[in-house]
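Worksheet: the structure to be examined is printed underneath.
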Amino acid sequence: MKRQTLIADTLAILLLLSLFLILDLIFTQLPINQTISHLFAVLVVLLLLNPLLKIIAVFILRLINKKQLFLQLQLNQLQEEVKYITHLLRLQRVLIRRVAELMRVQVASLFLLDEANALYELSDGLGVTQKDKRKIQFKASGGLLVWLRMEKKALYLPKLQRHERFQYLGKEEKEKISRLQSDLIIPMIFGDNVVGLLFLGHKPNKASYTTEEIQLLQEVANHAAQAIINATAHRDLTSMDREIIRYQNRIRTLEAKISEYQKSYQTLMDYIKTGIFVMKAGEQIVDLNQSFRESFLPDLNKRFEEFVFKKINERQNSQ
């Protein structure tokens with residue numbers, strides 16, 4: 001950035017010098033003293049110096065940073081876009097692919113926190129095999145996550161290879177980072193929580209990530225973290241609604257069956273009360289009418305009472 005500013009200032013001064021020469025040439029054609037014409041030219045340039053310097057510098061910087069400005073615009077648009085995606089899987093795919101496309105990287109990985117197991121698991125990625133997807137996980141209590149929670153910003157590994165904290169990372173974590181071919185690790189921060197991790201590989205020709213790019217990517221990651229929490233909550237609510245509907249349907253089915261049983265029972269009782277119902281016992285057909293209730297039911301009731309008294313007596317004697 002300093003080099004670009006120096007180039008812009010140099011070009012701006014050259015343009016102002018050219019303006020001075022043109023004005024001086026014009027004023028010397030006027031019927032006035034040559035010294036006075038030089039002073040007029042200097043005076044005009046001095047008056048225009050600051051505004052022209054700013055305008056020219058901004059124009060040249062924009063011209064030089066055309067790609068950088070385009071990238072900034074696209075990342076800002078992505079930052080807004082992720083806010084409105086409520087489908088978790090689509091959000092993951094849009095995030096990882098758009099960032100990889102804009103940064104022109106071939107390898108990128110997105111890890112999301114599984115709170116039940118306290119692990120960051122690979123949810124989507126480019127240039128990552130299914131074998132890696134099963135094997136590469138990061139513990140929430142591991143050295144890398146502790147480092148990211150303390151820093152609360154992206155880690156640009158080419159500048160941190162000799163950092164004390166990097167040296168103290170576990171061998172397993174270093175191997176996983178190496179397998180992911182990562183240059184940049186961006187924590188997806190929401191409040192005090194690291195919702196996920198975004199790993200980005202080398203840029204074309206191993207160009208460096210600029211400070212501005214890292215800051216923009218961190219802002220996108222933080223907005224994506226909030227969007228992922230919202231999308232996860234939306235998914236859970238949708239799943240809960242489906243469960244509620246499923247149980248409501250089961251309750252309706254059970255209520256319908258109970259209603260059928262009640263109707264059948266009521267019909268049976270009506271038949272017995274009216275004497276229409278008959279029962280076949282062997283070769284005999286018993287008509288469950290008034291005579292059945294007056295003769296057979298009292299005897300059946302008496303036998304049942306005798307059976308109960310007998311069982312009670314047997315239990316008392318056995319004790």
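Might you let me know whether the stretch 203-216 holds any residue that is among the aromatic types (Phe, Trp, Tyr), open to solvent by 80 Å² or more (accessible area, probe 1.4 Å), farther than 23 Å from residue 134 by Cα and touching a residue at least 12 places away in the same chain (Cβ under 8 Å)? No, every residue in the stretch 203-216 fails to be among the aromatic types (Phe, Trp, Tyr), open to solvent by 80 Å² or more (accessible area, probe 1.4 Å), farther than 23 Å from residue 134 by Cα and touching a residue at least 12 places away in the same chain (Cβ under 8 Å). For the stretch 190-224, the candidate set comprises residues that are in a helix (DSSP H, G or I) and of a type in the set (Asp, Glu); within that set, the residue that is farthest from the chain's Cα centre (by Cα) is 212. Cβ separations smaller than 6 Å between residues 6+ apart or across chains give the following pairs from the stretch 250-272 residues that are modelled with pLDDT under 80 to residues that are not polar (S, T, N, Q): 271/277; 272/288. If the condition is being without any contact (Cβ under 8 Å) to a residue 24 or more places away in the chain and either open to solvent by less than 20 Å² (accessible area, probe 1.4 Å) or aromatic (Phe, Trp, Tyr) (or both), then the stretch 123-159 contributes only 147. Beta carbons closer than 8 Å, at least 6 apart along the sequence or on distinct chains, pair a first residue in the stretch 160-185 that is within 10 Å of residue 136 (Cα to Cα) and open to solvent by 20 Å² or more (accessible area, probe 1.4 Å) with a second that is assigned to a loop (DSSP other than H, G, I, E, B) and of a type in the set (A, V, I, L, M) for 176/136; 179/136. Among the residues of the stretch 89-118, those identified as in a helix (DSSP H, G or I) and open to solvent by 20 Å² or more (accessible area, probe 1.4 Å) are 89, 90, 93, 94, 97, 98, 101, 102.
The values are calculated or read from the model by the stated rules, or taken from the named source; none is laboratory data. Just so you know, these numbers come straight off a predicted model, no measurement behind them. We place every Cβ from the backbone using ideal geometry, glycine too, and count neighbours over all the protein chains shown. Note: areas computed on protein heavy atoms with side chains; ligands, DNA, RNA excluded. Shrake-Rupley method; radii C 1.70, N 1.55, O 1.52, S 1.80 Å.
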